[in-house]
Amino acid sequence: MAREWSIREPSPDDAAQMLAFARRIGGETDNLLFGPEGLPLNEEQERQYLANCSDGMYSWMYVAEADGMLVGTCSMTRGRRARAMHRAELSAAVAKSHWSRGIGTAMLKRLLEEGRAAGVTAFTLEVRADNAAAVHVYEKLGFRTVGRLERFFRINGQYHAALLMELDA
């Protein structure tokens, strides 16, 4: 079966679509740091963020598209101080309609390659502890759990734990 999606770097022109995507996926799952309200940015702020995002030195971002619509995002931010430039934090989100199609894995692999090429030797991320599918993806890529944050998410007054995961390059 042919792959029905593609991965690319976002551009500032994607700002409105990125904000709409965040609102859509925020309403689909409680596994993210935001809900249906999306990101706390207006279109101009998102445009500026995207203009600065993939600088190839401190940050990288990719989006996945299917039929001209965003179905996934993935980003990595590296430390800016000398003693932390070897570290980068990753995040990923895929639309529920496109779960289990390899999109998150493909985006993360690409980010890891970019990070390694830039000298990153330690990658970290946080994931909701009960998000077994995401934990499986991260473990498949070589991440291991190094900690647990019991009160990481607060959703509708209830706390949920997150796992702190790390990958040594």
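Tabulated data for the structure shown
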| read-out | value |
| --- | --- |
| Ala51 vs. criteria aliphatic (A, V, I, L, M), more than 29 Å from Ile155 (Cβ to Cβ) and in contact with a Ser or Thr (Cβ under 9 Å, 6 or more places away or on another chain) | yes |
| Inter-residue pairs, beta-carbon under 7 Å, first without any contact (Cβ under 8 Å) to a residue 40 or more places away in the chain and surrounded by 13 or more Cβ atoms within 10 Å (Cβ to Cβ) and in region 38-65, second of a type in the set (Phe, Trp, Tyr) and outside any strand (DSSP E or B), 6+ apart | Leu41/Tyr49 |
| Of all residues in region 21-58 being closer than 23 Å to Trp5 by Cβ and of a type in the set (S, T, N, Q), the one that is modelled with the lowest pLDDT | Ser54 |
| Flag if Val127 is farther than 16 Å from Ala22 by Cα, modelled with pLDDT of 95 or more, in a helix (DSSP H, G or I) and among the hydrophobic types (A, V, I, L, M, F, W, C) | no |
| Region 140-157 - residue that is touching a strand residue (DSSP E or B) at 6+ places or on another chain (Cβ under 8 Å) and under 24 Å from Ile7 (Cα atoms) and, of those, surrounded by the most Cβ atoms within 10 Å (Cβ to Cβ) | Phe143 |
| Subset of region 45-67 that is assigned to a helix (DSSP H, G or I) and not aliphatic (A, V, I, L, M) - its residue that is nearest to the chain's Cα centre (by Cα) | Cys53 |
| Residue within region 76-99 that is surrounded by 20 or more Cβ atoms within 10 Å (Cβ to Cβ) and closer than 19 Å to His160 by Cβ present | yes |
| Selected residue (criterion: farthest from Glu126 (Cα to Cα)) from residues of region 1-44 that are assigned to a helix (DSSP H, G or I) and among the hydrophobic types (A, V, I, L, M, F, W, C) | Ala16 |
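The values are calculated or read from the model by the stated rules, or taken from the named source; none is laboratory data. Everything numeric here is computed off the predicted structure, so don't read it as measured data. Cβ atoms come from the backbone with ideal geometry, glycine included; neighbour counts cover every protein chain shown.
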